[in-house]
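Worksheet for the structure shown next.
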Amino acid sequence: MSMTYSGGCACGAVRYETASAPIFQNHCQCRDCQHASGTGHASYLTFPDRSFVTISGKVITWTTIADSGHEKTHAFCPVCGSPVYLTLAVMPDVLAVHAASLDDPGRFQPEAVTYAGRGLPWDTLDPSLQTFETVPPR
């Protein structure tokens, strides 16, 4: 199996690829992720250095204040509207890609649930995952 992670939007106009390994894989149940995903959580693979992620195609961004109080910028395809990745002002080097945007989404291996206290009763996640009320300590 390739160590490269690649993916993109639904229509293929935006693509990314990295040989880096993710440093964190999680489901996030914060209200912002609920809004962005249109369901009870969003799932991400976070890569440590966005300079090692090649992105092709133009994205549209939307910046919001996350539940943490810090800016979070969502990047999505202007053609099909698929969410592709996000960046965090508080950790400017990292890049988090949406798990479902992977070419092989089966490579996503969630380690934790962040903002678990914001979880909705109808959005049941794997109870064996470690949970955090906000984000894990660095």
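The values are calculated or read from the model by the stated rules, or taken from the named source; none is laboratory data. Keep in mind that what you see is a predicted model, and the values were worked out from it rather than measured. Please note: Cβ atoms are built from the backbone with ideal geometry, for glycine as well, and neighbour counts cover all protein chains shown.
Numerical summary
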| quantity | calculated |
| --- | --- |
| Selection within region 122-134 - under 17 Å from residue 40 (Cα atoms) and touching a residue at least 12 places away in the same chain (Cβ under 8 Å) | 122, 123, 125, 126, 129, 131, 132, 133, 134 |
| Residues of region 10-29 that turn out to be in a loop (DSSP other than H, G, I, E, B), in contact (Cβ under 8 Å) with a residue 60 or more places away in the chain, surrounded by 14 or more Cβ atoms within 10 Å (Cβ to Cβ) and within 13 Å of the chain's Cα centre (by Cα), as a count | 1 |
| Filter result (surrounded by fewer than 23 Cβ atoms within 10 Å (Cβ to Cβ), within 19 Å of residue 62 (Cα to Cα) and touching a residue at least 40 places away in the same chain (Cβ under 8 Å)) within region 30-40 | 30, 31, 32, 34, 36, 37, 39 |
| Test: residue 40 is within 27 Å of residue 121 (Cα to Cα), assigned to a loop (DSSP other than H, G, I, E, B) and not acidic (Asp, Glu) | yes |
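Each row is one residue, and each column tells you yes or no for (1) within 29 Å of residue 56 (Cα to Cα); (2) modelled with pLDDT under 95; (3) surrounded by 18 or more Cβ atoms within 10 Å (Cβ to Cβ).
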| residue | (1), (2), (3) |
| --- | --- |
| 86 | yes, no, yes |
| 91 | yes, yes, no |
| 97 | yes, no, yes |
| 100 | yes, no, no |
| 103 | yes, no, no |
| 109 | yes, no, no |
| 112 | no, no, no |
| 116 | no, no, yes |
